[in-house]
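The next block holds one structure in the form of structure tokens; read it before the comments.
Each value in this text was obtained by applying a stated rule to the coordinates, not by laboratory testing. Computed from a predicted model, the values in this text were never measured in an experiment. When we count neighbours, we look across all protein chains shown, and the Cβ atoms used for this are built from the backbone with ideal geometry, even at glycine.
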Amino acid sequence: MPKGSQELTNARKAEIVDACAQLYGTLPFKDITLGAIGAKTSFTRTSIYNYFRTKEEIFLALLQREYVAWTEDLISLANSPALSAEDFASRFADILARRGCMLKLLSMNLYDIEAGSRLENLVEFKRVYNESLKAACACLSAHFPASTEEDRRGFVYAFFPFLFGVYPYTNSTEKQKEAMKIAGVAAPGYDISELTRALTLTLTRSFR
């Protein structure tokens, strides 16, 4: 058992977020309740209220954790030896492809999550989000030294909105696939890495 109140608090928050992530892997957002999350922890459901007021705040903490992991990977890429444009696009895409949970949350549930969270929690998340913007720009500075600040700003303003739409294009349910088949809509057949790589190459073309 962790020693000290802050260590215990952090450990219990992490356990709650882990439980939420596990449920989100198999259930839609609307079907996940505080009770269901609490049932997957080692303490009582009412204890959750000591750490989170709503399920949305738990999901916000999960999304924040995903952004932290993505940012750490971006910083690692920024500090790696110089890459060609093609190799950079591949590495940048593979890093994002590991964040399927983040992309799913952004595309499907962000507005509900933010609306149901306290301002102080949302401010903390926005600070973490801002660090991801800086990390993406650091990657561009490192691997495209000829790029300008305006170039990098243009990249993030095009790339970050892409984060909100890439998941639905690459993860269709069986029901959606059947509907597209009946409607005569061709399934795109791309994965997150492929779409991200193509966009990254397009956005950095003028940097070379």
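A few remarks follow.
- Compared with the dominant principal axis of the Cα atoms in the chain, helix 192-203 is inclined by about 40°.
- Positive-end extreme of charge dipole, segment 72-207 - chosen from Ser132, Ile95, Leu105 (charges on Cβ): Leu105
- Helix 85-97 axis versus longest C-alpha principal axis of the chain: approximately 10°, rounded to the nearest ten.
- For segment 1-52: rounded, prolate or oblate by the Cα gyration tensor [a/c cutoff 1.5]: prolate
- Full-extension gain in nm, Ser47 to Thr202, via 0.36 nm per residue minus C-alpha separation: 50.9 nm
- Cα centroid of segment 56-124 to Cα centroid of segment 174-199, whole Å: 22
- Relative to the longest principal axis of the Cα atoms of the chain, the long axis of helix 149-162 makes an angle of roughly 50 degrees.
- Pairs from the list Lys126/Lys181; Lys126/Lys175; Lys55/Lys126; Lys134/Lys177; Lys30/Lys175 with a Cα-Cα gap above 29 Å: Lys126/Lys181; Lys126/Lys175; Lys134/Lys177.
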